[in-house]
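Here's the structure, in structure tokens; my notes come after.
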Amino acid sequence: MSEFTSLMTDLSNNINSNIEFFKTTLIKKNPTMAYYKLNELSNFVGSRYNLKLEIHFPNSNKVYDIDNYGKENISIIIDKFRKTFTIQRERIKQEAENLFKNSTVIDAYMYEGKEGIKIIFNDKNKSRIEILPGSFHLWIKIERVLKYFVLFPIMV
């Protein structure tokens, strides 16, 4: 099992062990409580892997979609100050192009000596992955991209 898979499994297990909390009437009346609890869980799981793990809700209505907690819109931050990849950027791009035929892979965030890659999927949700030397941001269902992150260590 890859480190990325372990991280996502650990997050999922922690969310599932608290699922009743998320399903309570209190949460339906106060979705902010769900957000705070998810932050607490993601911080706990991230600390176990020595990284920062964040769950996002780019669409505020997604907070009501309990079944998808921890399965999409996630950021993994290992070193926010790192500017360059530890392996060749072209290799990362090539692997993405090979695996994701329905996507566009481009250089991104290339300023002030920084490197970055953006994978944009040709789907109705405008899904994307942003890969930076010290973090990656998954604006997509995790199951769709699991194979890609198994190819590389947790930090590309």
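None of the figures in this text is laboratory data; all of them are computed from the coordinates on show. Small disclaimer: the values here were computed from a predicted structure and weren't measured. Backbone-built Cβ (ideal geometry, glycine too); neighbour counts: all protein chains shown.
Using a Gaussian network model of the chain with C-alpha springs under 10 Å, which one of Thr84, Thr32, Thr104 is most mobile by mean-square fluctuation? With Cα springs under 10 Å in the chain, the top fluctuation among Thr84, Thr32, Thr104 is at Thr32.
Considering the zone a paramagnetic label at Glu112 would reach in this model (a point 7 Å from Cα along the Cα-to-Cβ line), which residues of the range 40-69 have amide N under 14 Å from it? Inside the label zone: nothing. With the highest mean first, a sort of the peptides 2-8, 133-139 on other beta-carbon atoms found within 10 angstrom per residue produces 133-139, 2-8. Comparing Lys52, Lys124, Lys37 in a Gaussian network model of the chain (Cα springs below 10 Å), the most mobile by mean-square fluctuation is Lys124. Phi-derived couplings, Karplus 6.51 cos²θ - 1.76 cosθ + 1.60 at θ = phi - 60°, listed residue by residue for the range 69-82: 4, x, 10, 6, 6, 10, 10, 10, 10, 9, 8, 5, 9, 5 Hz, with x used for Gly and Pro. For the range 93-100, 3J(HN,Hα) computed residue by residue from phi via the Karplus equation (6.51, -1.76, 1.60; θ = phi - 60°) reads 5, 4, 4, 5, 4, 5, 7, 10 Hz, glycine and proline entered as x.
Size descriptors for the chain (Cα atoms only): Rg and Dmax, in that order, 16.1, 50 Å. Close amide H pairs (under 5 Å, H built 1.01 Å from N) link Gly116 with Ala108, residues at least 5 positions away or on another chain. In the range 55-122, taking the dipole from charged Cβ atoms about the Cα centre, the farthest positive-side position among Gly70, Thr84, Gln94 is held by Thr84.
Dipole magnitude of the range 82-151 about its Cα centre, charges +1 at Lys/Arg Cβ and -1 at Asp/Glu Cβ only, in debye to the nearest 20?
Numbers: 14 positive and 9 negative charges, 34 e Å.
Result for the range 82-151 is approximately 160 debye, rounded to the nearest 20.
Adding -39500 (n - 2.57) for every DSSP H run of four residues or longer, then dividing by how many residues the chain holds, sets the calculated 222 nm ellipticity at -12500 deg cm²/dmol. For the listed residue pairs Lys93/Lys114; Lys101/Lys141; Lys83/Lys147; Lys28/Lys52, the alpha carbons are over 22 angstrom apart in Lys83/Lys147; Lys28/Lys52. How much FRET efficiency would the formula 1/(1 + (r/R0)^6) give for Leu99 and His56, where r is the Cβ-Cβ distance and R0 is 30 Å, rounded to 0.05? Calculated transfer efficiency: 0.80. For the chain, a Gaussian network of Cα nodes joined below 10 Å ranks Glu115, Glu130, Glu143 by mean-square fluctuation, and the top entry is Glu143. Taken about its Cα centre, the chain carries a charge dipole of about 260 debye when Lys and Arg each add +1 at the Cβ and Asp and Glu each add -1 at the Cβ.
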